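The values are calculated or read from the model by the stated rules, or taken from the named source; none is laboratory data. Note that the coordinates shown come from a computational prediction; the quantities given were computed from them, not determined experimentally. Positions of Cβ are backbone-derived with ideal geometry, glycine not excepted, and every protein chain shown enters the neighbour counts.
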Amino acid sequence: MKSVIPVRIAVLFFAALALALAPCSAGAQEPIKLGAFFALSGPASSIGEPTRLVAQMVVDKINKEGGIAGKKLQLETGDTQSDPTKALIEAKRLVEEGKVVALIGPTRTDEGMAVKPYIEDSAHIPIVMTIGGDPVIAGGKFGPFKWTFKTPQRTSVAVKKLYGYIQSTKQKKVALLTASDGFGKDGLAWLEKLAPEFGLEIVAKESFAATDTDMTPQLLKIRASGAQGIICWTIGPAGSRVAKNVKQLAVPATLYQCHGQPGPKYVELAGDAANGSIMPSTKVMVVDQLPDSDPQKAVIKEFIRLYKDVYKYDKQYPINTHSGYAWDAINIVADAVKKAGTQPDKLRDAIEHTKGYIGVSGIFNITPEDHNGLQTDSMVMVKVENGKWVLLK
């Protein structure tokens, strides 16, 4: 009987110890939450919804490979409805209620600019945007970008890539046809600023609303200007409408589109009018035409394999130049979490020191001055020929 009491005490002690440690063990396995908010409805949903699918695809991939230090990633999603005000509401919800450690998204430049002040002035957590425009990381009059990063190439980089090609054709006179939204205005600013550097003369400037269905009046003015090339700067269906109008009016100028257009939808909507269009693009559109020595080729092909063969997203949302933006954003954040954990300042610093990350959109080398980290060598020039995308040498 004398030995029973100590045994009972020992049992109770270890039971109490197990209960005390149980919450710590459970807490150690709590998932790492990432917020992902895109235009899942509204005019930009054709870009936003497949971006969400890619975001989930890469989270699944990371989790199947063991997660991060034994923890799973968990994606908390939101719909911006292609609206800047809604984008801000969703960002606040994900941060304040969802308790996410970082944000991925949104889809449009105007949405990003609506969210940025909240991130910089209040939330103080990293956000990696999947938008095209430069203002979110431009600094100066656009405000600080300490916490703000983005994965699509900067507008200035895309303009330099395009202008370098036009310069090589010996064309001198160009006309600008740009959308009146934030993305179009950003494009216009860089097109005007960089033209002299490449010896180009802008002989006409016209704009349109992204929802416009006919750009004939603007193109008639451009035709009269004697422009050798027309540069259209917009994302979505408006670019295809411009291509159709150019063909209908028989405008004798090369049509150049921006880096937001390469994809099957452009060809589908423009039809035969797409043929001859030239534009800068991520390498995803012409991966099979890349040399095997290109370090991105294997990464892009693995991305495409998962997207098309495993998840079969391509049936509804064919791969386009936007497809890899969320893949790169989440991988960059995940790599930073592996190095620095989830404490906001340390995570931000780790993202800012990303070097040599080989992604779908390029090889990223982020610096305090450049929160994108891609240069013109991350892009290629492509042309539509007989409805197919062709790599221009």
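For region 371-391, what are the residues that are part of a loop (DSSP other than H, G, I, E, B) and surrounded by fewer than 16 Cβ atoms within 10 Å (Cβ to Cβ)?
Taking region 371-391 and keeping what is part of a loop (DSSP other than H, G, I, E, B), we get 371-375, 379, 386-387.
Within region 371-391, 386, 387 meet the criteria.
For a quick check of your reading of the model, give me the residue pairs whose first member lies in region 191-209 and is farther than 17 Å from residue 161 by Cα and modelled with pLDDT of 95 or more, whose second is surrounded by fewer than 16 Cβ atoms within 10 Å (Cβ to Cβ) and hydrophobic (A, V, I, L, M, F, W, C), with beta-carbon atoms closer than 9 Å and at least 6 apart or on different chains.
Matching pairs, first to second residue: 204/224.
Look through 184, 226, 199, 239 and report the one residue that is in contact with a strand residue (DSSP E or B) (Cβ under 7 Å, 6 or more places away or on another chain) and at positive phi. Talk me through it step by step, then tell me what you get.
On the way: 184 fails: at positive phi; 199 fails: in contact with a strand residue (DSSP E or B) (Cβ under 7 Å, 6 or more places away or on another chain); 239 fails: at positive phi.
From the options 184, 226, 199, 239, the qualifying one is 226.
Of all residues in region 241-267, count the ones that are touching a helix residue (DSSP H, G or I) at 6+ places or on another chain (Cβ under 8 Å) and closer than 14 Å to residue 320 by Cβ.
10
Can you name every one of the strands (runs of 3 or more DSSP E) wholly within region 229-298 that holds 1 or more residues which are in contact with a Leu (Cβ under 8 Å, 6 or more places away or on another chain), without any contact (Cβ under 8 Å) to a residue 60 or more places away in the chain and closer than 29 Å to residue 201 by Cα? Walk me through how you get there before you give the answer.
On the way: elements: 229-233, 254-257, 278-281.
Of the strands (runs of 3 or more DSSP E) lying wholly inside region 229-298, those with at least 1 residues that are in contact with a Leu (Cβ under 8 Å, 6 or more places away or on another chain), without any contact (Cβ under 8 Å) to a residue 60 or more places away in the chain and closer than 29 Å to residue 201 by Cα span 229-233.
Of all residues in region 284-323, which are among the small types (Gly, Ala, Ser) and more than 27 Å from residue 45 (Cβ to Cβ)?
Going residue by residue through region 284-323, those that are among the small types (Gly, Ala, Ser) are 293, 298, 323.
Within region 284-323, 293, 298 qualify.
Report the residue count in region 210-228 for those that are modelled with pLDDT of 95 or more and assigned to a loop (DSSP other than H, G, I, E, B). Please lay out each step first, then the result.
Step one: list which residues in region 210-228 are modelled with pLDDT of 95 or more, which gives 214-228.
This time we only want the ones that are assigned to a loop (DSSP other than H, G, I, E, B), so: 214-215, 226-228.
Number of matching residues: 5.
Of the residues that sit in region 210-229 and are more than 23 Å from residue 167 (Cα to Cα) and within 31 Å of the chain's Cα centre (by Cα), which one is surrounded by the fewest Cβ atoms within 10 Å (Cβ to Cβ)?
So in region 210-229, the residues more than 23 Å from residue 167 (Cα to Cα) come out as 210-218, 220-221.
Then drop every residue that is not within 31 Å of the chain's Cα centre (by Cα), which leaves 210-216, 218.
Details: 210: 19, 211: 12, 212: 16, 213: 10, 214: 13, 215: 24, 216: 13, 218: 21.
Checking each candidate, the answer is 213.
Residue 350: of a type in the set (Gly, Ala, Ser), part of a helix (DSSP H, G or I), within 25 Å of residue 108 (Cβ to Cβ) and in contact with a helix residue (DSSP H, G or I) (Cβ under 6 Å, 6 or more places away or on another chain), yes or no?
On the way: of a type in the set (Gly, Ala, Ser): yes; part of a helix (DSSP H, G or I): yes; within 25 Å of residue 108 (Cβ to Cβ): no; in contact with a helix residue (DSSP H, G or I) (Cβ under 6 Å, 6 or more places away or on another chain): yes.
Criteria not met by residue 350.
I'm told residue 302 meets every condition in (1) in a helix (DSSP H, G or I); (2) touching a residue at least 12 places away in the same chain (Cβ under 8 Å) except one. Can you identify the failing condition by its number?
(2)
Among residues belonging to region 353-370 that are of a type in the set (S, T, N, Q) and either on the phi > 0 side of the Ramachandran plot or not in a strand (DSSP E or B) (or both), point out the one that is surrounded by the most Cβ atoms within 10 Å (Cβ to Cβ). Steps first, answer last, please.
Taking region 353-370 as the starting set, the residues that turn out to be of a type in the set (S, T, N, Q) are 354, 361, 365, 367.
Checking which are either on the phi > 0 side of the Ramachandran plot or not in a strand (DSSP E or B) (or both) leaves us with 354, 361, 367.
Values: 354: 21, 361: 26, 367: 12.
Checked region 353-370; the qualifying residue surrounded by the most Cβ atoms within 10 Å (Cβ to Cβ) is 361.
In the list 264, 280, which residue meets the criterion of being surrounded by fewer than 21 Cβ atoms within 10 Å (Cβ to Cβ), within 25 Å of residue 380 (Cα to Cα) and either of a type outside the set (A, V, I, L, M, F, W, C) or assigned by TED's automatic domain parsing to the domain that holds residue 50 (or both)?
From the options 264, 280, the qualifying one is 264.
Run down 335, 349 and say which single residue is outside the structural domain of residue 277 (by TED's automatic domain parsing), out of contact with any strand residue (DSSP E or B) (no Cβ under 9 Å at 6 or more places or on another chain) and surrounded by fewer than 19 Cβ atoms within 10 Å (Cβ to Cβ). Break it down stepwise before answering.
Working: 335 fails: out of contact with any strand residue (DSSP E or B) (no Cβ under 9 Å at 6 or more places or on another chain).
Only one candidate qualifies: 349.
Would a scan of region 230-242 turn up a residue that is of a type outside the set (Ser, Thr, Tyr) and in contact with an Asp or Glu (Cβ under 8 Å, 6 or more places away or on another chain)?
First pass over region 230-242, keeping only residues of a type outside the set (Ser, Thr, Tyr): 230-233, 235-239, 241-242.
Add one more test, that the residue is in contact with an Asp or Glu (Cβ under 8 Å, 6 or more places away or on another chain), and what stays is 238, 241.
Looking for residues that are of a type outside the set (Ser, Thr, Tyr) and in contact with an Asp or Glu (Cβ under 8 Å, 6 or more places away or on another chain), one finds at least one in region 230-242, hence yes.
What are the pairs, 6+ residues apart or on separate chains, where a residue within region 165-188 that is touching a residue at least 24 places away in the same chain (Cβ under 8 Å) and under 14 Å from residue 200 (Cα atoms) has its Cβ under 6 Å from a residue that is hydrophobic (A, V, I, L, M, F, W, C) and part of a helix (DSSP H, G or I)?
167/198; 175/222; 176/191
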